[in-house]
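Trainee: Supplied in structure tokens, the structure appears directly below.
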Amino acid sequence: MPAIEQSAPISDDRAPSRAPEPVNTSALPTTSVLHRPVDPAEGQIRKVLPAERHLLVEHLLRLDPLSRFMRFGGVVSDGAIARHGTRVTSGDAVAIGYFVDGELRAVAELHPLPPRAGKPASAEAAFSVEREFQGKGIGSALMRHLVLLAQNRGIEELQVVFLPSNAPMKNLAVHHAANFSMDDDEMIGRVQAPHATVFSRLREFFGDVFAVCSAAFDLQERTLPPSMRGN
């Protein structure tokens with residue numbers, strides 16, 4: 001991202017021609033542009049169901065070239081993305097998605113890693129957000145849901161692997177108190193997940209119920225003629 005140019009400060013010997021007008025601070029945003037909160041009315045966060053593989057693949061194919069490169073750490077073909085979508089929705093991985101009008105616009109994936117002697121149970125977290133939805137805090141919202149899933153699966157450590165030039169992912173990991181290390185040409189942020197509780201399991205259970213109901217509603221909306229769809 002190019003640096004934002006700042007205007008030069010006014011020197012002390014140059015008095016203003018008139019008194020400055022008072023600023024209405026209530027009209028100013030309370031968060032930075034890079035961390036605008038997700039508007040619940042705009043979209044919803046829920047699990048991506050196995051039957052929604054096509055939505056996951058379509059989302060990944062819509063990523064702009066830079067976002068695709070950052071997500072996969074290199075150049076990948078459309079066919080490789082289709083195979084990746086199959087692995088996510090049919091294996092041990094779990095995906096949380098940000099849906100807008102039934103379309104999947106951002107995804108966080110949880111990929112359990114093989115157990116290692118003397119090491120905590122770990123999983124790799126991966127994120128993808130379409131260009132027009134970046135900079136709205138969606139990644140942080142997805143990370144909170146991903147920590148809950150890891151918590152309920154006995155996973156103690158979430159690993160976020162990204163290229164050193166991927167500033168948004170680094171900021172996301174820093175925001176969630178990750179510890180960093182370098183592995184070859186990649187950075188690894190490690191986020192600790194708490195132990196599961198009755199309440200964390202209930203949260204996921206009710207989230208699953210919501211995901212099934214929401215997916216059924218979205219499917220119905222897509223199959224109806226445009227004139228019969230809800231506004």
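Trainee: Quick check, is S122 in contact with a strand residue (DSSP E or B) (Cβ under 6 Å, 6 or more places away or on another chain), under 15 Å from L55 (Cβ atoms), buried (at least 19 other Cβ atoms within 10 Å of the Cβ) and in contact (Cβ under 8 Å) with a residue 12 or more places away in the chain?
Mentor: Against the criterion (in contact with a strand residue (DSSP E or B) (Cβ under 6 Å, 6 or more places away or on another chain), under 15 Å from L55 (Cβ atoms), buried (at least 19 other Cβ atoms within 10 Å of the Cβ) and in contact (Cβ under 8 Å) with a residue 12 or more places away in the chain), S122 does not qualify.
Trainee: In addition: Could you list, in sequence order, all residues of the stretch 59-90 that are of a type in the set (D, E) and in contact (Cβ under 8 Å) with a residue 40 or more places away in the chain?
Mentor: Result: D64, single match.
Trainee: Scan the stretch 91-100 for residues that are without any contact (Cβ under 8 Å) to a residue 60 or more places away in the chain and either assigned to a helix (DSSP H, G or I) or under 18 Å from the mean Cα position of the chain (by Cα) (or both) and jot them down.
Mentor: A93, V94, A95, I96, G97, V100, listed by residue number.
Trainee: Which residues, counting only those in the stretch 69-80, are of a type outside the set (A, V, I, L, M, F, W, C) and at pLDDT 95 or above?
Mentor: If the condition is that a residue be of a type outside the set (A, V, I, L, M, F, W, C) and at pLDDT 95 or above, then S77, D78, G79 are the ones that fit.
Trainee: When residues of the stretch 125-136 are filtered for being without any contact (Cβ under 8 Å) to a residue 60 or more places away in the chain and under 18 Å from R83 (Cα atoms), how many remain?
Mentor: 2
Trainee: Next question, about the same structure. Looking at the stretch 103-110, can you tell me whether even one residue there is under 16 Å from K47 (Cβ atoms), free of Cβ contacts under 8 Å to residues at least 40 places away in the same chain, surrounded by fewer than 21 Cβ atoms within 10 Å (Cβ to Cβ) and in contact with a strand residue (DSSP E or B) (Cβ under 8 Å, 6 or more places away or on another chain)?
Mentor: no
The values are calculated or read from the model by the stated rules, or taken from the named source; none is laboratory data. Because the structure is predicted, anything quoted here is derived from the model rather than measured. Using ideal geometry, Cβ is built from the backbone for each residue, glycine included, and neighbour counts are taken over all protein chains shown.
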